[in-house]
Amino acid sequence: MVIKRTTNTLVDGTKRRIAYYACGNWKNKVAAVCTSNSIRVENTNEYVFGKISELLTNENMVKAIVNKERVRKVNPTKKELEKLEKELEQLDKKKNKLFDAYEEEILSNEEFKERKEMLNKRTQELLEQKQPLLETLEDTVTDEIPYKYLKSILANFSKILSESTSREQQKKLYQMQSNYGKM
């Protein structure tokens, strides 16, 4: 949707500019692509801003978003960490079998050193992969925002949004909020 402006001349001779949201393909290409589907900006903004304010004050929605975001970050990290732990356990078992084989003189000293070096190298790689995952889990636990705090922030945002007088102020608030959400 793009802004389309028209100028109407009133009976007394004054001109009035009216802004509409219109289909971008209709405005920038040809009318055969689609119809204008024009909607007055004032009515649309009032409706959209009202719905957004309503959503910001909806407790269930806010809780669902907060929980969903935490689950989205934590679950894959936990699964990857479990996978690495299992592989580390398997490597420990292989090391034990390797030592047993060496003690029973099934392996020569050179074979033992080669295999031991290979297992130690793989263990070190896994430990290096594990460290960032542990840091991620620690960060998500410490970054937990209490629901009451988040609720008060959203309520204040909704209040400021409803009190802002111009459409430009409201747009700037939404842009600041959406830019903050991308960080």
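Worth a mention:
Every residue, every condition in (1) aliphatic (A, V, I, L, M); (2) farther than 27 Å from residue 75 by Cβ; (3) touching a residue at least 12 places away in the same chain (Cβ under 8 Å); (4) assigned by TED's automatic domain parsing to the domain that holds residue 75, yes or no:
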residue: 101; (1), (2), (3), (4): yes, yes, no, yes
residue: 107; (1), (2), (3), (4): yes, yes, no, yes
residue: 113; (1), (2), (3), (4): no, yes, no, yes
residue: 123; (1), (2), (3), (4): no, no, yes, yes
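- If you check 162, 108, 152, 178 for being small (Gly, Ala, Ser), exposed (fewer than 14 other Cβ atoms within 10 Å of the Cβ), at pLDDT 75 or above and closer than 27 Å to residue 47 by Cα, only one passes: 152.
- Scanning the range 66-91 for residues that are at pLDDT below 80 and exposed (fewer than 13 other Cβ atoms within 10 Å of the Cβ) returns 67, 68, 69, 71, 72, 75.
Every residue, every condition in (1) within 29 Å of residue 159 (Cβ to Cβ); (2) modelled with pLDDT of 85 or more; (3) small (Gly, Ala, Ser); (4) within 23 Å of the chain's Cα centre (by Cα), yes or no:
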position	(1), (2), (3), (4)
54	yes, no, no, yes
97	no, yes, no, no
102	no, yes, no, no
132	no, yes, no, yes
138	no, no, no, yes
146	yes, no, no, yes
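- Residue list for the range 14-51, restricted to those being farther than 16 Å from residue 3 by Cα, in contact with a Phe, Trp or Tyr (Cβ under 9 Å, 6 or more places away or on another chain) and part of a helix (DSSP H, G or I): 49
- Figure legend. Inter-residue proximity from the range 1-21: first residues free of Cβ contacts under 8 Å to residues at least 24 places away in the same chain, second residues among the small types (Gly, Ala, Ser) and surrounded by 10 or more Cβ atoms within 10 Å (Cβ to Cβ), beta-carbon distance below 6 Å, spacing 6+ or different chains. Indicated pairs: 5/19; 20/38.
The values are calculated or read from the model by the stated rules, or taken from the named source; none is laboratory data. Predicted model only: the values in this text are computed from it and were never measured. Glycine also receives a Cβ, built like all others from the backbone with ideal geometry; neighbour counts cover every protein chain displayed.
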